[in-house]
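The structure appears below as structure tokens.
The values are calculated or read from the model by the stated rules, or taken from the named source; none is laboratory data. Here the structure is a predicted model, which is why all the values come from computation and not from measurement. When we count neighbours, we look across all protein chains shown, and the Cβ atoms used for this are built from the backbone with ideal geometry, even at glycine. Accessible surface is based on the protein model in full, side chains and every heavy atom, while ligands, DNA and RNA are left aside. Shrake-Rupley method; radii C 1.70, N 1.55, O 1.52, S 1.80 Å.
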Amino acid sequence: MTVARTPDEVRAKIADILRRTVPGAQVEGLDPKADLRDELDMDSLDVLNFATALSHELEVSVPESDYSELMTLERCTAYVLSK
Amino acid sequence: MSGAVSRERGLELLREMMLIRRFEERCAELYSAGFIRGFLHLYVGEEAIATGAMRALSPEDNVISTYREHGHAIARGVPPGEVMAEMYGKVEGSSGGRGGSMHIFDASRRFYGGHAIVAGGLPVAVGMALADALQNENRVTACFFGDGAVAEGAFHESMNLAALWNLPVLFLCENNFYAMGTHLSRAQAETNLARKAASYRVPADKVDGMDVLAVEAAVRREVQAVRDGGGPRFLECETYRYRAHSMYDPDRYRSKQEIEGWRRRDPIATLKGALRADHILYEEDVSALEASVEDEVEGAVRVAEEGSLEPVEDLLKNVYTPREIRWRR
Amino acid sequence: MATMTYREAIREAHREALSSDPRVFLMGEDVGRYGGVFAVSLGMAEEFGEERIRDTPLSEVGFVGAGVGAASAGMRPIVEVMTVNFSLLAMDQIVNGAATLRHMSGGQLSVPLVIRMATGAGKQVAAQHSHSFENWYAHVPGLRVAAPATVHDARFMLKAALADPDPVILFEHVLLYNMSGEVEELAGPVDLRRAAIRRAGDDVSLITYGGSLPKVLEAAEHLASGGIDAEVVDLRALRPLDLETILSSVRKTHRAVVVDEGWHTGSLAGEISARIAEDALYDLDAPVERICSAEAPVPYPHHLEQAALPKVDEIAAAAKRRVGSDG
Amino acid sequence: MAEFKMPSLGADMEAGTLLEWKVAPGDIVKRGDIIAVVDTEKAAIEVESFHAGVVDSLVVEQGTKVPVGTTLAVIRGEGEPAGAPASPPQAAAPPSANGPTSTPAPPAPLRRPRISPAARRRARELGVDAAQITGSGERNAVTLADVERAASARAADATKPSPAPEHPPPEAPPPEPPPVDRKAEVMRAMGAAMAKSKREIPHYYLSNTIDLEPAIAFLAAENAARPIERRIVPGVLLLKATALALRAIPELNGFFEGGTVRHAEAVHLGTAVSLRGGGIVAPAIHHAGELPLEDLMWRLNDVVRRARTRRLKSSELSDSTATVTSLGDRGSEAVYGVIYPPQVALIGFGRISERPWVYAGQVVSRPLVVASLSADHRASDGHRGAAFLRILEDKLKEPESL
């Protein structure tokens, strides 16, 4: 399986996952530094579903303690790339 | 054999052999009509052995037999109706219908089957005798098998074990000279079967299996020797089956002359002749016996016909011991 | 095309082998003068002589072991064991001997032995003559196990078995001997590595072998009349299994029913189900179902024997259940 | 002959629009089969039949809005003759007192939805949520064909609005639901229910601050050992503890109707779910107290997702015996909620956050939550309410027992 690994690919993939796990999410034009939970009205279930999809589709393991690292687009991209 | 037997005893032996023969002939008929299925191995011609040998055994002794065992079962006292019902696959059969022709069991008469793997009964007989030895039971285990079994490894291992441990087994070899379709001379290099047993230090002897009085006397002698603690014995009874190995067998391997030759030594005719010579058998006896045997066999067929089939829901019955029974012991 | 019985097809296969290779000989109980208990070798002793159509005493461990020895010493023996039930007496020679000699001699010995045996129930011969132990042999590395289920395979599987450098066991179901069928006369040996698709279909794979094939084909016809298009896979080889054919069928139909006359527990059907679960789980649209024999020794009475064995309507019902059209 | 009526799917529902029939006359229906999709102010809801039999006739056409209680279809029992007259929609009785009229059977041991592995994989490929498809396979398993049908139906939906005048569709499309301003409808319906609640129910309020340190530590240890898709959120512990505490204090678990209190036997926990774009629904998690945490987590996730995609079942909207509202980790410190009539209690949880707390004589930082109870004074009193919160706290301090 090939996995997205350039920053652009990772960002696109994250956006794609967000669109699927948070139905109706307006991902375009999102401030990369803004907290996704506020911007997209994500609750803890959404966060877990997002983290689960991220972990499966980008093949990164995400311990529970790292969830907060995923909560802006910018940090999330960096987190995936660091793995 | 003149003067060897009383009228009463003579008639009893004669009737039993006639009963077995009539029973077997009726089985052949019922098989052809489709009431009996599977394999059917008939004992016609060999009746003297079962009849004579069982007389010499006590009800406390064990009997183990082969797939050609209807005669043994009847001579042992298993009601012919139960044997017939077994062949009909009915619940009233001696094994509840599950075994059929080859697997007649009646533990209440210490008749332990009914084994259809050639020589399969011999090690079991050794084990039963071992149990008796360990429990100080003064009991003999009589084990019937054919000449074909002598070629199996199980025969040789059983002889050795029984002799080595000095066990109370009487090995009764019914040598009818054919292992299915193969004559003894083409199956075994040493055709003197008693010598094989003797080589394991099992005292071995031979008797005319077509002479019921001779069989009874020989078995009585051997049983006594075993019961006296002398260890196992081997008795070869030379005999002949008039019919094919089984109902499936086209019987192309023997000549008509050979069969006719043995028929002239027929055990029933032989006993009749002896009793007539002693003037203790009359024609009206024979017709009375024939009628009574006919009645008994027809009664057996009725038991089988009127019996019931086990419900299919019971299919898994007796695969394991019912637990509550085992634990209550 | 020639029409013959399964029995005649096996006999023809023997005659061909005996005529073309002087190393081939047949031995077993009553195979010679008697002509074989299932009459497979009828007339062959007269044709090829008693040296090559060799009667044996009732000494299974002895003559099967002798087959192992003769094969390893340059002959091409065919050993007929009357039924798989009696083969248990010889299992030591087959499992500890034939299957292992090559391996434990570091490749110095090979055992090009063919063992044929009858198997299966349906003739009311009760619990010591009716069982299907094919899977016990299929468990053993070093053996090749196969089962001709058609007259054509009966005709051409022996040739493949004799050509194999390793021990091959061929299972012949007792109910097949009288079956008639067509044989392509100039066909080559059956490929022992390949299962056969006996009927192509899209809705469910019915996987079976040997004596159950006719039942499965009948079930497939019945299903077709109800609009279910079943594919029938005849394993032919029980060891090694042709996983490629099995899995590609399941990947196509997404449903599998495995029919095997052995008992469920530890059955060949269980092995096949496991392989499907391991390698094709994500292709399955319904659980795999097995139709095997009831977990009891085969009983003598007809109605109980039939109740114990896989049945056509049972196979069809399982297929419908898996396709999801049983209402 | 049974009449299938527009169900009451909550205290605030007065009427519904029949969006779609899932059955046709002559179809055999079993109890629990989904037979129609009804649009309420809140959501499109799959409604199930409580009768078994054969669909005799469909009385209401798709797209029609009718009051609660209106006969929608007639279901004939087996053996009954066909064609008995059904009452027309106009003759519908007004909705009777709200509240559950039937209790679903206790759930079979909960499992993931029955989706065949092939269907699951295909659904992923097609981007279809297989969990929301009604299966046609064995025991309602979702099969490959179901997924493919759903995908093509969706594709058809997607192309429907595009005008294609020169190629009229071969069949008349099913009537579109009337366009609604859903947000306004939801707000109006909720407002009506809440007004009724505040008007009629004498609320009393209690709250306790609870130290969640043991619960959070327990979860962290549990989750560390779990693959990510099986991790559990803290809200699940709160739900489970609430359900168990409700079981201990039955006065808070039930209904006030017709001037009397009726305690419910089982605890079906209404779980307030905020809809994106506004509004709240509170679908029931049936038998919440009996579900292991993992099953409860799965149920919560399932019900939230379906609430947000408007695929709830009717029983889930009418069966709750008490409701929980939990603000999660981004909300306010405490919530004192409004009871959903005819229920008699609402339990609220504020945000879980690290705050100073005295523990073993020391001021330490601990994750705290304010648990509140809004309860109907006609059904219970403050004494019992306090006992409830105490039990809730005890349960959360021993998370292993959940």
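Laid out as a table, the results:
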quantity: Positive-end extreme of charge dipole, region D:117-157 - chosen from D:VAL142, D:GLY127, D:PRO117 (charges on Cβ); calculated: D:PRO117
quantity: Accessible area of chain B divided out per residue, in Å², using a probe of 1.4 angstrom; calculated: 41
quantity: Prolate/oblate/rounded call for chain B, Cα gyration tensor, a/c under 1.5 rounded; calculated: rounded
quantity: Cα-centred dipole magnitude for chain C, charges only on beta-carbon of K, R (+1) and D, E (-1), debye, nearest 20; calculated: 360
quantity: For region B:207-265: rounded, prolate or oblate by the Cα gyration tensor [a/c cutoff 1.5]; calculated: prolate
quantity: Cβ charges +1 (Lys, Arg) and -1 (Asp, Glu), total dipole of the protein assembly as shown, debye; calculated: 1980
quantity: Estimated Rh, region C:2-183: Kirkwood, alpha-carbon pairs, angstrom; calculated: 16.1
quantity: Solvent-accessible area buried by pairing C with B, both sides, nearest 100 square angstrom, 1.4 angstrom probe; calculated: 3000
quantity: D (Stokes-Einstein, µm²/s), Kirkwood Cα radius, region D:197-401, 1.567 mPa s at 4 °C; calculated: 75
quantity: Region B:62-139 versus region D:189-245: alpha-carbon centroid distance in Å; calculated: 72
quantity: FRET efficiency estimate (nearest 0.05) - Cβ-Cβ, C:LYS123 to B:ARG221, R0 56 angstrom; calculated: 0.85
quantity: Inter-site label distance for D:ASN208 and B:ARG252 at 7 Å from Cα along Cβ, in nm; calculated: 9.4
quantity: Accessible surface of region B:7-325, 1.4 Å probe, proportion on carbon and sulfur as whole %; calculated: 51
quantity: C:MET82, C:MET75, reordered so the largest accessible area comes first (probe 1.4 Å); calculated: C:MET75, C:MET82
quantity: Amide H contacts under 5 Å for D:LEU212, placed H, 5+ residues apart; calculated: D:LEU368, D:VAL369
quantity: Enclosed volume per residue, in Å³, of the convex hull spanned by Cα atoms of chain C; calculated: 129
quantity: Volume per residue that the Cα convex hull of region B:181-329 spans, once the total is divided by residue count, Å³; calculated: 273
quantity: Positive-end extreme of charge dipole, the protein assembly as shown - chosen from B:ASN166, B:VAL140, B:SER199 (charges on Cβ); calculated: B:ASN166
quantity: Chain-alone versus full-assembly comparison, region C:58-92, residues with accessible loss of at least 20 Å² (1.4 Å probe); calculated: C:LEU58, C:SER59, C:PHE86, C:LEU89
quantity: Per residue accessible area in Å² of region D:2-76, where ligands, DNA and RNA are left out and the probe is 1.4 Å; calculated: 35
quantity: Among C:SER225, C:ALA187, C:LEU206 the positive-end extreme of the charge dipole of region C:187-302 (Cβ point charges); calculated: C:ALA187
quantity: Theoretical ellipticity at 222 nm over the protein assembly as shown - DSSP helices of four or more residues, -39500 (n - 2.57) apiece, nearest 500; calculated: -11000 deg cm²/dmol
quantity: Accessible area in the full protein assembly, largest first, 1.4 Å probe, for B:PHE105, D:PHE256, B:PHE171; calculated: B:PHE105, D:PHE256, B:PHE171
quantity: Accessible-area order (highest first, 1.4 angstrom probe) of the listed residues D:MET194, B:MET159; calculated: D:MET194, B:MET159
quantity: Cross-link reach list, lysines versus D:LYS313, counting only Cα pairs under 24 Å and skipping chain neighbours closer than eight places; calculated: D:LYS5, D:LYS22, D:LYS30, D:LYS42, D:LYS65, D:LYS183, D:LYS240
quantity: Surrounding net charge for D:LEU392, when Lys and Arg each add one and Asp and Glu each subtract one, Cβ distance under 12 Å; calculated: +2
quantity: Förster radius 60 Å - calculated FRET efficiency between D:ARG188 and C:GLU218 (Cβ-Cβ, nearest 0.05); calculated: 0.40
quantity: Pair B:LEU309, D:GLU398: separation of 7 Å Cα→Cβ label points (nm); calculated: 6.1
quantity: Surface accessible to a 1.4 Å probe, per residue, for the residues of region D:215-366, Å²; calculated: 37
quantity: Between 0 and 90°, nearest 10: helix C:60-72 axis offset from chain C longest Cα axis; calculated: 80
quantity: Prolate/oblate/rounded call for region D:117-157, Cα gyration tensor, a/c under 1.5 rounded; calculated: oblate
quantity: Against the rule of thumb 2.2 N^0.38 Å, how large the Cα Rg of region D:2-76 comes out; calculated: 0.99
quantity: Among B:ILE117, B:ILE20, B:ILE268: highest mean-square fluctuation, GNM of chain B, C-alpha pairs under 10 Å; calculated: B:ILE117
quantity: Amide hydrogen neighbours beyond the local backbone of D:SER326, cut-off 5 Å, H modeled; calculated: D:ALA272, D:PHE349
quantity: Partner lysines for A:LYS13 [C-alpha distance under 16 Å; skip if fewer than 8 residues away on the same chain]; calculated: A:LYS83
quantity: GluC sites (Glu not before Pro) lying in DSSP loop within region B:18-100, provided at most 14 other Cβ fall within 10 Å; calculated: B:GLU60
quantity: Using alpha-carbon coordinates, inclination of helix C:151-163 to the longest axis of chain C, degrees; calculated: 50
quantity: Under Karplus coefficients 6.51, -1.76 and 1.60, residue-wise ³J(HN,Hα) of region B:269-284 in Hz, glycine/proline x; calculated: 4, 4, 5, 4, x, 5, 5, 5, 4, 8, 6, 10, 9, 10, 4, 5
quantity: Using θ = phi - 60° and Karplus 6.51 cos²θ - 1.76 cosθ + 1.60, couplings along region B:4-15 (whole Hz; Gly, Pro as x); calculated: 7, 8, 6, 4, 4, 5, x, 5, 4, 5, 4, 4
quantity: Those residues of region C:261-288 for which accessible area with every protein chain present is at least 50 Å² below the isolated value (1.4 Å probe); calculated: C:TYR282, C:ASP285
quantity: Carbon and sulfur %, accessible surface of chain C computed with the full protein complex present, 1.4 Å; calculated: 52
quantity: Estimated D of the protein assembly as shown in µm² per second, where Rh is the Kirkwood radius over Cα pairs and Stokes-Einstein applies at 4 °C, 1.567 mPa s; calculated: 35
quantity: Derived scalar couplings ³J(HN,Hα) [region D:240-253; Karplus, 6.51 cos²θ - 1.76 cosθ + 1.60; whole Hz; x for Gly, Pro]; calculated: 5, 4, 5, 4, 5, 5, 5, 5, 6, 10, x, 4, 8, 10
quantity: Spatially proximal lysines relative to C:LYS311 (Cα-Cα < 30 Å; intrachain offsets below 8 disregarded); calculated: B:LYS90, B:LYS317, C:LYS123, C:LYS215, C:LYS252, C:LYS320
quantity: Sites D:ALA195 and D:ALA24, calculated FRET efficiency, Cβ-Cβ separation with R0 30 Å, nearest 0.05; calculated: 0.15
quantity: Accessible area of C:GLU50 in the full protein assembly, 1.4 Å probe (Å², nearest 10); calculated: 90
quantity: Accessible area (Å², 1.4 Å probe, nearest 10) - D:ASP376; calculated: 0
quantity: Solvent-accessible area of D:ASP394 with every protein chain in place, 1.4 Å probe, in Å² to the nearest 10; calculated: 90
quantity: Separation between Cα centres of region C:266-327 and region C:120-139, rounded to whole Å; calculated: 17
quantity: log₁₀ of I(q)/I(0) at q = 0.27 Å⁻¹ - chain A, Debye sum with one point per alpha carbon; calculated: -1.70
quantity: Pair B:SER108, A:ALA78: separation of 7 Å Cα→Cβ label points (nm); calculated: 9.2
quantity: Bins of 10 Å, starting at 0 and running to the largest distance - Cα pair percent for region C:270-320; calculated: 22, 39, 28, 10, 1
quantity: All Cα pairs of region C:167-248, percent lying beyond 18 Å; calculated: 49
quantity: For C:LEU238, distant residues with modelled amide H under 5 Å away; calculated: C:VAL145, C:ALA146, C:ALA147
